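Accompanying notes for the structure given below.
The values are calculated or read from the model by the stated rules, or taken from the named source; none is laboratory data. All values derive from a computational prediction rather than experimental measurement. Glycine gets a Cβ as well: all are built from the backbone with ideal geometry, and neighbour counts include every protein chain shown.
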Amino acid sequence: MTTPRAVIFGCAGPDLTADERDFFRDADPLGFILFARNVDTPERAQRLVEELRSSVARSEAPVLVDQEGGRVARLRPPHWRRAPPARLLGELYGRDPERGLEAAGLNARLLAADLLSIGADVDCLPVLDLGLPETHAAIGDRAFAARPEPVAALGRAAAEGLMAEGVMAVMKHMPGHGRATADSHHALPRVDASRELLERTDFLPFRLLSDLPWGMTSHLLFEAVDPAAPVTVSARAINGIIRGHIGFDGLLLTDDLSMQALGGSLGERAAGALAAGCDIALHCNGDRSEMTDIVARTAPMTVAAVARFDRGRKALARHRAPLGKGGLAEARRRLASLLPEWG
């Protein structure tokens, strides 16, 4: 079997076209990511997932969804549950840490069940960014709390809940997006905080959860780390902070390369990220010309990336302890009692 290309791609709509099928067959990406544009009914979404995997002839090809809860949710009512934002879980933790951790774990199990209902198996969660007074609204209530210790504790509970149901967790946005005052979808945020402050605050949740199998970079520039390049394309940030100080040796994905925080063509962004030390280039919008450019500038996964991916699969198998249909129904009832204000 050939080694998949070191990329994850999105597709254009809720049905896979013949042209897309042929493109993915030849490009052979590691996996795929779904957005709201790809999701209609559960049956249609499940068929899309099956066709995406069939296009690369790998039944185990990962299919990702950004299903955080709150405003970041690709699977929405009436077919799927309306899940609370992270901040609500953080507020509960602030009042009662034990109940907050229980709620985070139960909520994550229910998020996992929603993904599994269509065959997806990776959730881009938990968000470990701090929610500070200056944090841009692009993060906003996606952050659990302002202090690193509650963020790490709630992030751990969420990751373990996902993985217990059989869904891979992806901690993001490494090494911390909380001090960004610009939206990286539209511009490059620059952070001028000292390295010492960053290590005590923003970087700490990721260090405490460095054993998780998958992580995602942030598109922002830390003046104290690398004043010349954003994290995603900075070998200094990836090797010195993410792999070094934080100690993360799992599969490292870029954030979406089509965001405007990064300069250059899409192919240049992908090549730069992989050269800097990312394992997988993530491109989400399904634009064929951009994906073609990325394919021209990328190669199969490295030996180290394949090893990290394989370790992640083994870790997920070890964590798996699904509640079953009855257990999930009880989890939903219990979560409603813990968060009556969400309803």
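Would you call Ala36 out of contact with any Asp or Glu (no Cβ under 8 Å at 6 or more places or on another chain), closer than 13 Å to Val65 by Cβ and either buried (at least 24 other Cβ atoms within 10 Å of the Cβ) or among the aliphatic types (A, V, I, L, M) (or both)? Judged against the criteria, Ala36 is a match. Scanning the range 273-329 for residues that are in a loop (DSSP other than H, G, I, E, B), surrounded by 17 or more Cβ atoms within 10 Å (Cβ to Cβ) and touching a residue at least 60 places away in the same chain (Cβ under 8 Å) returns Cys278, Asp279, Cys284, Asn285, Gly286, Thr298, Met301, Leu323. Within the range 39-72, if we keep just the residues that are closer than 21 Å to Phe309 by Cα and hydroxyl-bearing (Ser, Thr, Tyr), the residue that is surrounded by the most Cβ atoms within 10 Å (Cβ to Cβ) turns out to be Ser55.
Scanning the range 190-228 for residues that are crowded, with 19+ Cβ neighbours inside 10 Å and in a loop (DSSP other than H, G, I, E, B) yields Thr201, Asp202, Phe203, Leu209, Leu212, Pro213, Ser218, His219, Leu220, Val225, Asp226. Scanning the range 54-107 for residues that are within 30 Å of Pro4 (Cβ to Cβ), of a type in the set (A, V, I, L, M, F, W, C) and touching a residue at least 40 places away in the same chain (Cβ under 8 Å) returns Val56, Ala61, Val63, Leu64, Val65, Val72, Leu75.
Checking the condition touching a helix residue (DSSP H, G or I) at 6+ places or on another chain (Cβ under 6 Å), at pLDDT 95 or above and either surrounded by fewer than 24 Cβ atoms within 10 Å (Cβ to Cβ) or among the hydrophobic types (A, V, I, L, M, F, W, C) (or both), which residue from Ala146, Ala159, Ala169 passes? Reasoning before the result, please.
Details: Ala146 fails: touching a helix residue (DSSP H, G or I) at 6+ places or on another chain (Cβ under 6 Å); Ala159 fails: touching a helix residue (DSSP H, G or I) at 6+ places or on another chain (Cβ under 6 Å).
The conditions single out Ala169.
Identification of helices (runs of 4 or more DSSP H) wholly contained in the range 1-113 with 3 or more residues that are more than 19 Å from Glu341 (Cα to Cα) yields 18-27, 42-55.
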